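Below is one structure, written out as structure tokens, with a few remarks after it.
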Amino acid sequence: MRTLITYIMVFPRRSAFVLLALLIAGVAEGLSLTALLPLLSIAVGESSDDSGIGKFMAEALQKIGIEPTLDMILIIIVGGMLTKGVILLLANRQVGYTVAHVATALRLNLIEALLASRWSYYLRQPVGALANSVATEAYRAANGFEHSVIVLALAIQVLVYAVVAVFISWQATLASLFIGLFLLVVLHRLVRATRRAGANQTQLLRYLLTYLSDVLNSVKSLKAMSRDNVADAILRDQTTQLEKATRHEVMSRAALMALQEPILAAITAAGLYLALVVWQLSLPEVMVMVFLLTRILGLLNKTQRKYQQLAVQESAYWALRKAAEDAAAAAERNSGTAEPTLRQGIALRHVKFSYGEKVIFKQLDLDIPVKTFTAITGPSGVGKSTLIDLLCGLTEPNAGKILIDGKSLHDIDLRKWRHMIGYVSQDTILLHDTIMNNILVGEPALTAADAERALRQAGAWDFVSVLPDGMHTVVGERGGLLSGGQRQRIAIARALAHGPVFLIMDEPTSALDPESEKTICETLQQLSRQLTIIAVSHQPAVINAADRVFILSEGEAKALSHGVESH
């Protein structure tokens, strides 16, 4: 019930529109049903004056100038059903539109929260789980909204039928409703079992897709060591557990349907006996009453089945909502408003930083003049990547300042500062797409001319231009159809496409052969005439190519002099 109420509160306007349409449809159907009793009285040769509802309906028709003849009553019945059908068509169309809107809204809400969260939050999140939330959980949650609307629609129909039935025999109506609600309570255990199965499915799907994503990212190494069978065994086990959870859901759903049908038949028979023998209703009243009570009990049963389906899907909604709330709670600060510039240089002053008890920087001072090529080196774990994160504003120092042209990075608009940065990560990951799309990455302000310019700056145009499809060549999964050096230059071109003034590179040549490494270093030397470049690297070639070299050690940066002249 909590999920049902939550859906209405989250999407109030759409829910209100659907409920209003369903209510009007229910009233139209109710009016057509009340016209059914005079029709049956005429059919069996009885006077409609013998029954209260029949007399009421006949008098109501006469007041509005309609004679309750057979043909007019048939027109009213058909008209009411037709009106109900048209309204339901509009309502169901709105339900379909709303389901698509709900899925889109949930996805966009999660994506927006994820993209606005801190970098440290991403490090704790499995990619497969996030992908599952955006794809599977959003779809299931939207289906949950559809089931919740149907539950409300069925409840409205039950109410309309009950109101009509009360006019004929309030005793039979109340007795039937009491029995129907009692059965709902008795069979609710099956709904709870379905809810548990749905929650297990959500959890198992998340585990499965998370592990599958990790396996696919490492499949080359696993196959090379013939250890892919281990991953296969784990995936099989998780898939088997998911199948068990699905079986429990199917069993609960089938049991509910199997028990409802004979119970409905028994209640209908008992109602028929009470109406004819105990309350001694007229034949037209009995016929309408049996129809109404059968419909009421059938709708109650259908409502419970739809609520059971809602119980299966609701865990996906709450899992997706929690993921969005967790990401929103880890939102990145953007308190700065100052316009960034980079005409003088970057300076780190007395910067301190630590991960928990582990001290990374205890007194870091560093200067990076504009249009220079600075290399940062040092053993693993001394904070080289952390330094890059600090410069990008992905994390903040515990103490000290990072100054951009004398302005504290804390006071600068982070988004505008980052737009001035070109970043090449240690892991060169390309999309399974064309070279041009890998460079532009969907940025609407960039064109093919920008991609070509960036390729020329990165020293990649020579090999791209001779490819059969040029910039429209597909690079394969993770860029596997290109060599390591080619992938790296495409990555540099991607970083240069939007025209940055500060280029940051993390281990730009660590996986390259000497010839490719030499080409990349020459490219960086040429770019440093236009850009400010900082590169983290262990490679001697990069260190020798740089204007300035700093060694990180014991939480500080020490300048290293070498024979390469500044250009």
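The values are calculated or read from the model by the stated rules, or taken from the named source; none is laboratory data. Quick caveat: nothing in here was measured; it's all calculated off a predicted structure. Neighbour counts are summed over all protein chains in view; Cβ atoms, including those assigned to glycine, are modelled from backbone coordinates with ideal geometry.
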Taking into account only those residues within the range 333-369 that are of a type in the set (V, I, T) and not in a loop (DSSP other than H, G, I, E, B), which is surrounded by the fewest Cβ atoms within 10 Å (Cβ to Cβ)? V359
Members of the range 107-155 found to be among the charged types (D, E, K, R), surrounded by fewer than 15 Cβ atoms within 10 Å (Cβ to Cβ) and assigned to a helix (DSSP H, G or I), listed by number: E112
Kindly indicate whether I421 is surrounded by fewer than 22 Cβ atoms within 10 Å (Cβ to Cβ) and under 30 Å from T337 (Cα atoms). yes
Among the residues in the range 228-238, are any at pLDDT 70 or above and in contact with a helix residue (DSSP H, G or I) (Cβ under 6 Å, 6 or more places away or on another chain)? yes
Identify all residues within the range 301-332 that are of a type in the set (F, W, Y) and crowded, with 18+ Cβ neighbours inside 10 Å; write none if there are none. Y307, Y317
If the requirement is being surrounded by 15 or more Cβ atoms within 10 Å (Cβ to Cβ), at pLDDT below 75, over 15 Å from E249 (Cβ atoms) and among the hydrophobic types (A, V, I, L, M, F, W, C), which of these qualifies: A175, A162? A175
Search the range 444-491 for residues being within 28 Å of I346 (Cα to Cα) and in contact with a Ser or Thr (Cβ under 7 Å, 6 or more places away or on another chain), and hand back the single one that is modelled with the highest pLDDT. A491
Quick check on the range 375-385. Is at least one of its residues touching a strand residue (DSSP E or B) at 6+ places or on another chain (Cβ under 9 Å), assigned to a helix (DSSP H, G or I) and more than 30 Å from N132 (Cβ to Cβ)? yes
